[in-house]
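Below is one structure, written out as C-alpha cells, with a few remarks after it.
The values are calculated or read from the model by the stated rules, or taken from the named source; none is laboratory data. Because the structure is a prediction, the values reported are computed rather than measured. For neighbour counting, all protein chains shown are included, and Cβ atoms are generated from backbone atoms with ideal geometry for every residue, glycine included.
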Amino acid sequence: MDRCDVNVTEREIFVERHDKELRIGSLDSLYDAIGGKRYTVEFNHQQAMMAWHNRFDRELTIDVRENVASMDIPLKLAERLAELDDGAGQNERIELLADVLEAAWSQQGIDGGPEP
C-alpha cells in the first residue's frame, strides 16, 4: 500500500504526495478539532493487561503533535484530503484528519477524548 509522509513544522501540517507538499492546516486548528494538545484513551482492565499494552493505570495520553509528526498516511487518505481544496478546504482537511485520528486512537481503548 502506498503511504505518504506527514510533516509538521512549528505551526503547520503538510502531507507529501507525488513529490509535492499539500498543506493540511495549522496545528492550532487540529488542537481545536480534537479538543486539545493531548488525547487520552481509557482501557478496561482486560485491555490494560494485554502484553502489548502493559498499562496498569488504564490510560494512555497521546501527544497530538508528536503522534502526527511521526506518522504516515495511506495515499488514498492523502488524495481525499487533496480533494478538499475549495475556499474552506484547509478547515475541511483538518476536520477529516481529526476524525481519522480520533477514530484510530479510540479503537485502542474503551473511551477516548481530549485531556481535560
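Answer yes or no: is there a residue in the range 18-32 that is touching a strand residue (DSSP E or B) at 6+ places or on another chain (Cβ under 8 Å), within 15 Å of SER106 (Cβ to Cβ) and at pLDDT 75 or above.
no
All but one of (1) farther than 20 Å from ASN7 by Cβ; (2) modelled with pLDDT of 70 or more; (3) exposed (fewer than 14 other Cβ atoms within 10 Å of the Cβ); (4) not basic (Lys, Arg) hold for SER70; state the number of the condition that does not hold.
(1)
Pull out all pairs, ordered by first then second residue, where Cβ-Cβ is under 7 Å, the residues are six or more apart or on different chains, the first lies in the range 70-87 and is farther than 15 Å from GLU21 by Cα, and the second is assigned to a helix (DSSP H, G or I) and modelled with pLDDT under 90.
none
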